[in-house]
Amino acid sequence: MHNQRAPLFHLAKRTSLSPARAWTIRLASFVVAILIGGLIFLLLGDDPVSAYGAIITGSLGKKVAIRQTVKIAVPLLGTALAIAPCFKMRFWNIGAEGQITAGAIGATFFALNYYDKLPSPVLLIVMGLAGAVCGAFWAFIPAFFKARWGTNETLFTLMMNYIVIGLVKWLQGGPWEGKPGSQIIPNFASSAVLPKVFGIHCGWIIVLILTIFIYVYMRYSKHGYEIAVVGESENTARYAGMSVARITIRTMLLSGAISGLVGYMVASGANMTLYYSVADGVGFTAITVAWLAQLNPFAMIAISFLLAILDKGASTLQTVMNVPASISDIITGIFLFCMLASEFFINYRLVFRHDSGKEAVSE
Amino acid sequence: MQENCAVEMRNITKNFGPVAANSNVSLSIRRGEILSLLGENGSGKTTLMNMLAGIYYPDSGQIFVNGEEVRITSPKDAFDCGIGMIHQHFKLVSVLSAAENVVLGLDGPAVLDIKEVGRRIKEICERYSFSVSPEKKVYDMSVSEKQTLEIVKVLYRGADILILDEPTAVLTPQETEKLFDVLRAMKADGKAIVIITHKLHEVMELADRVAVLRRGEFAGEMMVRDTNPQEMTNMMVGRPISLNIERPDPVDPAERLVIKGLTVVDSEGITKLDNVTFTAMGGEILGIAGIAGSGQKELLEAVAGLQPVKSGSILYTPEDAPPSELVGKTPKQISNLGVSLAFVPEDRLGMGLVGGMGMTGNMLLRSWRRDKGVFIHAKEPSELAQRIKEELEVMTPSVRYPVRRLSGGNVQKVLVGREIASSPSVLMTAYAVRGLDINTSYTIYNLLTSQKMKGVAVIFVGEDLDVLLELCDRILVLYDGKVSGIVDARTADKEQIGLMMTRLSGKGGNADA
Amino acid sequence: MMGVINLVFNAILNGTPLMFGTMGESLTEKSGNLNLGVEGMMYMGGAFGLAGAFYYEKLTGGGSGILAVLIAIACSFLAGAIGALIYSFITITLRANQNVTGLALAIFGTGIGQFVGEYMRNVEGGYVAVSNELKNFFQASPFPRFLQDIPVVGKLIFGHNVFVYLGVILAVLMAFYINRTRYGLNLRATGESPATADAAGINVIKYKYLATVIGGGISAIGGMVYIMTIAGCVWNHEGLSGEGWLAVALVIFCLWRPLNTIWGSALFGALIIMYLRVHLPIPSEIYKILPYVVTVAVLVFTSLRKKKENQPPESLGLSYFREDR
């Protein structure tokens, strides 16, 4: 009478899917992303194979290139690790960008004022600590309001990013300005620069240690267990005698501290100075890294490395094939979209309905 | 097909994952008749009706409205068929006004004449002597106001097939009576009415015909005038009620929890518990009866330290130590006092368990804090999980399999098993057998009784009076947050408790005025 | 006096891109979708809007100014709408996390915008700008001279570029749509409680898609307005950077109400340029963070007061699946 159309299909949640199949689906999405990216190169009149070839050789072809790729991957991985506990707790911290910047400010303060007063190793440790403390402080503010009054953390942390970035702009043109009028903070003295190991600043060692730390923390520590419970159900957490407010604040302090540490590494290891775009979008990209890795620290290594390859490779593309380097953001976006989309096919299945009333299950 | 048949459902089947909510159910709904859909909790009544309301879509089967086959894929389709459902959990948008909620989703001129809507609402209200003020925001409304609004909403849409899901659960007796009058008036209007319930006296009082569901299957139907509560009950549970729950006499009962003048006011200022006083003894099972929402949840949560208490005291008296006051303490502080309190909450996956974790992870929920150092120790919980899995026959592929994916009975076994394993001195359970099959229910009864024999003070909040009467030693009846009486379960009868559940003893119908 | 008039005038000028960005995002958020990709969509809108006007002029060798404005609007709207469509498909149909998808769109959109901007510059030999006559249609007031010359009020009422008036009209229309029409009511219900809306027979998916896609298009127009007015019709990614995030902030500041965006965007515009106009002993960069500080204050204040009407749409950020259980 009213509605004779049969729904073509409806959705049902999967009851279970073997990890192998889940990763097969993710791999398939990866292939789809490569194909779409290839299509874009075709549209631009470039040969996709040589374009991808340029990306690979540009990022991994030479020792120097590999070093630079790793240098890009280090802050991505570090920040993804920082974000993971928050997201596990379903606390949507999108303020890593600001927490990185705050950390960089803390580290820079000591780099500028104590470079000649402290021996280098001590100075570097103090800078790292200052970075962690400042990052943690910047994360604490929204966490406190969330815990106390339920203030929306997504929007709050987002706003905090731009406040601290504005502060750096002020420092650049004001109190920390080098040559008057230059709007630039002078380069760090060599004693405030992270030493290199295998040609890359030793931040890569720090993030690898952090990877293991976060893995153990999330999986085997009491804190990690509390975070998982709070993320699943705050009521259950209270029932089990956990203080949700305390866990929220503590986790954000940790997250901010790690982000701050990343800020310190970028300022001291990569840039050797502080400027307002010290985070340069890493805080945002890292969120996608953490999420796509299913919050698994080891998967984050792979994904941050993949994005670093795209980033570094694309700048080669610019010189070799005269394609603007912003192609890397486009390709990165396509990869992210495809991988986000693939999660759907892991979590849901389509149930097709036929006229006979029988059902065929499509994977 | 009968002349006055409004809806006919044929061979409807609906599965949720591995769980069959409805299998092969056929049912007809007639005009000018009140049909009562009867069944225990979890028997699939709501799911079945949700398929008429367009909330769920059946996996297989056919639905006919006025003799023609229809496919109801959305609530909109349901409205087009003249079907309106009043859900147990109200579907209202709290920041919108009554009038705005009523016209939600309706077709009509693009520009909304909200005053006209208000006028029509007033009309409907007058016809059935309701009262709803169109401008009032839903967040300012009481529960019964919200329900009234839901009914107005359905009537406004001109529905002639009305489905009400447990409408009386939240109403006072007077409100219930008023609702029934309205339903009778609508029946006289020629509307088809379905009322989902598990309360037999409502069926007897209101319905013309009763259809019974049992564990997702159609168990039978009959005219109400031709049947009696006994027959309906038999149909609901599938066999005559002779529960035969073993009930040994308490041995040396000792005061364990002394609760005096407990008053709880929720965040919206509504008094949930009003001057509640009673004593729970070690070595006995104290049953708590009452219609849903009479303060059972708040009572247990207050004892567990999860509910802020306005006034009163909860004194915990262990066997060999001085008593301690629990009011004003967090669950953590209570546990630090050495009070071994076990609590099986009503919301199993939302409060008692972590759905995404396996049995082991859930065992940790009780033991994690006792672990020394910064790491969790999974060995003991894992062994405990294994033990519970074997002893209580939990059907799960492994102790690491997320408990969310287990069936309701198995979820409850995990929860009760864990709580008992903590060797508590007080064990509180809320609706411990809701949605469970008979066998699992008996497993739970036996577990509770064995705890009682160990000297544990067991508090059993239940909804099935037969179970309360056969399992418990004493029964406390709550009505609207007040204690309306405490009776001896061995001598009390069902009618007596039923009466106490609906009005305070001795005060007649004035109690809620 | 002139100083104040100039300040207000420039505040409105600088607020206009934000007004569009904010209105679009408000519409999106009303449906319960938090699209953090505004920055990306505004980039796309800026680049494609410029490209539309530029190539229109190039192909016609002059052409109609009004048509050029319309084409720029259409191009930017379409670009943003396509970006929002990708977001919608992934979050609504495929139910991915909104925050993460929005950020991916921000990355993707800024990439596309910048790519198109740079690509045009490469192809066209370094300089992409429309002629001065065409610029006038984007930047000058559409009203006759004598109206603009009325003392004091003339400039403030009649002196703005065409987008200011379009923005105000759009804001009024949108407020009317959201508050007075059936569809607006349905949209609000969708954002507050999709399950309720669904039960009331509202096609939640359709509303979410339409609000998000149209909202994305409107946001993107804001990017075009920036490029074609403030940036002087040349690609300027430095200047555009941050506008989208500021728009997200402004949505909160305006409490999701389109009419508030009219004065809210002017206020934010004033905060952006205040350091140029008002000389207080505060460094200019500190002025520039004021919009964010003010937004945080609003956010905190509304969560303290807990007034239901001022809260974000209740389902903001959550995806909806009818049979979830």
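Summary of values
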read-out	value
Per principal axis, descending, Cα span of the protein assembly as shown in whole Å	96, 71, 63
For residues of B:101-110, the mean tally of beta carbons on other chains within 10 Å	5
Sorted by Cβ neighbour density within 10 Å, fewest at the top, the residues B:413, B:372, B:146	B:372, B:146, B:413
Where labels lie 7 Å past Cα in the beta-carbon direction, separation of residue B:340 and residue B:400 in nm	3.1
Number of partner chain Cβ atoms within 10 Å, mean per residue of C:109-120	5
15 Å beta-carbon shell around residue B:223, net charge (K/R +1, D/E -1)	-2
Simple spin-label estimate for residue B:225 and residue B:255 in nanometres, 7 Å along Cα-Cβ	5.7
Beta bridges per DSSP with both ends in the protein assembly as shown, % antiparallel, nearest 5	60
Distance-filtered residues of the range A:173-199 - backbone nitrogen under 16 Å, label point 7 angstrom along residue A:63 Cα→Cβ	A:196-199
For residue B:190, net neighbour charge (Lys/Arg +1, Asp/Glu -1) across residues whose Cβ lies under 11 Å away	+1
Positive dipole terminus of chain C, leading residue within C:321, C:88, C:218 (C-beta point charges)	C:321
Principal-axis tilt of helix B:408-421 within chain B, Cα atoms, nearest 10 degrees	20
Summed residue charge, Cβ within 15 Å of residue A:34's Cβ, Lys/Arg positive, Asp/Glu negative	-1
Extension gain, residue B:139 back to residue B:110 (0.36 nm per residue minus Cα-Cα distance, nm)	7.8 nm
Karplus-derived 3J(HN,Hα), 6.51/-1.76/1.60, for each residue of the range C:47-62, Hz, glycine and proline x	5, 6, x, 4, 4, x, 5, 5, 6, 4, 5, 5, 6, 8, x, x
222 nm mean residue ellipticity, helices alone, for chain A (DSSP H n ≥ 4; -39,500 (n - 2.57); rounded to 500)	-23000 deg cm²/dmol
Long-range Cα-Cα pairs in chain B (distance over 47 Å), rounded percent	14
Of A:312/C:135; B:14/B:379; B:146/B:329; B:136/C:30, those spanning more than 28 Å from alpha-carbon to alpha-carbon	A:312/C:135; B:14/B:379; B:146/B:329
Mean separation of Cα contacts under 8 Å (6+ apart) over length of chain B, as relative contact order %	14
For the range B:257-413: relative contact order, % (alpha-carbon pairs under 8 angstrom, 6 or more apart)	17
Dipole magnitude of chain B about its Cα centre (Cβ charges: Lys, Arg +1; Asp, Glu -1), debye to nearest 20	1160
Residue-averaged 222 nm ellipticity for chain C, from DSSP H runs of 4+ at -39500 (n - 2.57), nearest 500	-23000 deg cm²/dmol
Lys, Arg +1 and Asp, Glu -1 on Cβ, resulting dipole of the protein assembly as shown about Cα centre, debye, nearest 20	2260
Chain A shape via C-alpha gyration tensor axes, a/c threshold 1.5	oblate
Sites residue B:184 and residue B:62 - FRET efficiency at Förster radius 22 Å, r taken between beta-carbons, to 0.05	0.10
Shape box of the range C:2-310 [Cα atoms, principal axes, largest first, Å]	55, 45, 37
Length released on extending from residue C:6 to residue C:306, taking residue separation times 0.36 nm less the Cα-Cα span	104.2 nm
With Cα atoms, 0 to 90° folded angle of helix C:2-30 axis to chain C main axis	30
Angle between chain B longest axis and helix B:143-156 axis [Cα atoms, degrees, rounded to 10]	30
Distant-in-sequence amide H partners of residue B:163 (H built 1.01 Å from N, under 5 Å)	B:84, B:85, B:86, B:194
Shape call, the range B:263-368: gyration tensor on alpha carbons, a/c limit 1.5	oblate
The range C:198-232 and the range A:227-251: distance between their alpha carbon centers, rounded to Å	37
Distance in nm between pseudo-label sites at residue A:50 and residue A:21 (7 Å out along the Cβ direction from Cα)	4.3
Computed over the range C:2-310: relative contact order in percent, which uses C-alpha pairs under 8 Å that are six or more apart	38
Sequence-distant residues sharing a close amide H with residue C:201 (under 5 Å, placed H)	B:76
Computed lengthening from residue A:198 to residue A:120, 0.36 nm per intervening residue step minus Cα-Cα distance	26.1 nm
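Every number here is computed from the coordinates shown, using simple stated rules; none is lab data. These numbers come from a predicted model, not from an experiment. Note that each Cβ is placed from the backbone with ideal geometry, even for glycine, and that neighbours are counted across all protein chains shown.
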